[in-house]
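The values are calculated or read from the model by the stated rules, or taken from the named source; none is laboratory data. All values derive from a computational prediction rather than experimental measurement. Note that each Cβ is placed from the backbone with ideal geometry, even for glycine, and that neighbours are counted across all protein chains shown. These accessible areas exclude ligands, DNA and RNA; they are computed on the full protein's heavy atoms, side chains included. Shrake-Rupley method; radii C 1.70, N 1.55, O 1.52, S 1.80 Å.
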Amino acid sequence: AQKITQTQPGMFVQEKEAVTLDCTYDTSDPSYGLFWYKQPSSGEMIFLIYQGSYDQQNATEGRYSLNFQKARKSANLVISASQLGDSAMYFCAMRERDSGTYKYIFGTGTRLKVLA
Amino acid sequence: EAQVTQNPRYLITVTGKKLTVTCSQNMNHEYMSWYRQDPGLGLRQIYYSMNVEVTDKGDVPEGYKVSRKEKRNFPLILESPSPNQTSLYFCAAGREHQETQYFGPGTRLLVL
């Protein structure tokens with residue numbers, strides 16, 4: 001079973017509108033972390049936002065917020081007021097403990113295109 | 001400035017010719033990791049290291065070796081590269097419970 005699932009290979013959004021990128025996860029580790037990264041066409045990985053499994057509040061960073069629904073194992077990224085520069089690939093990732101160490105698992109990504 | 005550097009950034013090689021991709025970090029982080037990125041597959045962890053002399057296999061370790069002799073360096077070694085190792089490789093560094101890993105700029109490898 002996939003540990004991180006991003007079901008939207010590609011999405012379009014109109015400039016200035018909000019968009020939600022879906023991510024579901026699966027883990028038995030009670031102390032996990034969830035991340036979103038942006039990868040523009042230039043290729044670098046840019047950290048956007050983090051949510052710890054014990055965090056009570058949804059994480060927010062500027063125009064980015066993480067809609068964390070623990071019971072549903074869902075960690076969707078919401079981008080408000082989309083900008084043309086938001087066009088990129090977006091990856092959801094999870095950090096989980098595994099036999100005394102910890103590993104990172106990434107989803108397959110969602111390519112977002114912002115339309116003018 | 002917190003930084004992870006990788007070299008080379010681009011590499012074209014031939015099947016079977018041993019190569020090393022270097023990774024260095026200036027943040028004194030314990031955790032370092034290598035990923036490969038392939039279209040439609042996202043990033044997959046190759047190897048990771050919790051500290052000096054401690055390395056573990058990730059999800060796709062076959063055909064790769066790593067070493068962690070110093071805290072700041074974590075080279076990726078391909079003893080006998082094959083065309084299916086053509087990929088974009090990322091090195092990353094971080095701390096447990098830290099809110100992110102820091103990624104290097106990536107190395108594009110083409111194996112002919």
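Quick notes on this one:
- Inter-probe distance in nm under a simple model that places probes 7 Å from Cα toward Cβ, at B:THR22 and A:THR60: 4.5
- Built amide H within the under 5 Å cut-off of B:ASN26, gap 5+: B:GLN3
- FRET efficiency for B:GLU79 and A:SER80, using Cβ-Cβ distance with R0 set to 45 Å, rounded to 0.05: 0.40
- For the protein assembly as shown, the equivalent ellipsoid derived from the Cα gyration tensor has semi-axes of 29, 21, 16 Å, listed largest first.
- Note that segment A:80-88 has calculated 3J(HN,Hα) couplings of 8, 6, 3, 10, 4, x, 7, 4, 4 Hz, one per residue in order, obtained from phi through the Karplus relation 6.51 cos²θ - 1.76 cosθ + 1.60 (θ = phi - 60°); glycine and proline are x.
- Rolling a 1.4 Å probe over the protein chains gives A:SER42 an accessible area of about 80 Å².
- Largest-first ordering by accessible area, 1.4 Å probe, given options B:GLU62, B:GLU30: B:GLU62, B:GLU30
- Counting only protein chain heavy atoms and rolling a 1.4 Å probe, the accessible areas of B:LYS69, B:LYS18 rank, largest first, as B:LYS69, B:LYS18.
- Positive contributions from Lys and Arg (+1) and negative ones from Asp and Glu (-1), summed over other residues with Cβ under 12 Å from the Cβ of B:THR55, come out at +2.
- Note, ³J(HN,Hα) from phi for segment B:58-73, Karplus 6.51, -1.76, 1.60, rounded to Hz, x at Gly and Pro: x, 7, 9, x, 4, x, 10, 9, 9, 8, 9, 8, 10, 5, 7, 10
- Normalising the average separation of contacting C-alpha pairs (under 8 angstrom, six or more residues apart) by the number of residues puts the relative contact order of segment B:15-61 at 27 percent.
- Relative contact order %, segment A:2-116, counting alpha carbon pairs below 8 Å whose residues are six or more apart: 37
- Calculated P(r) tail over 18 Å for segment B:1-82, as whole % of Cα pairs: 44
- For A:THR108, the accessible area of its heavy atoms, probed at 1.4 Å with every protein chain present, is near 60 square angstrom.
- Taking each of A:LYS38/A:LYS103; A:LYS38/A:LYS73; A:LYS16/A:LYS103; A:LYS3/B:LYS57; A:LYS38/A:LYS70; A:LYS73/B:LYS69 in turn, the alpha-carbon distance tops 27 angstrom for A:LYS16/A:LYS103; A:LYS73/B:LYS69.
- Amide H contacts under 5 Å for B:THR86: B:VAL111, restricted to partners 5 or more places along the chain or on a different chain, H placed in the peptide plane at 1.01 Å from N.
- Residues whose amide H lies under 5 Å from that of A:ARG111, counting only those 5 or more places away or on a different chain, are A:GLY10, A:MET11, A:TYR90; hydrogens are built 1.01 Å from N in the peptide plane.
- B:MET50 accessible area, 1.4 Å probe, all protein chains in place, Å² to nearest 10: 40
- Taken one residue at a time, the phi angles of segment B:79-91 give Karplus couplings (6.51, -1.76, 1.60, θ = phi - 60°) of 5, 9, x, 10, x, 6, 9, 5, 5, 9, 10, 10, 9 Hz. Gly and Pro are set to x.
- Unit charges on C-beta of K, R, D, E only; dipole of chain A, Debye: 120
- The value of relative contact order for chain B, using C-alpha pairs under 8 Å at least six residues apart, is 36 percent.
- Each of A:GLU15, A:GLU96 has its accessible area taken with a 1.4 Å probe; listed largest first, they run A:GLU15, A:GLU96.
- If the segment from A:SER31 to A:GLN2 were pulled out straight at 0.36 nm per residue, it would be longer than the present Cα-Cα gap by 8.6 nm.
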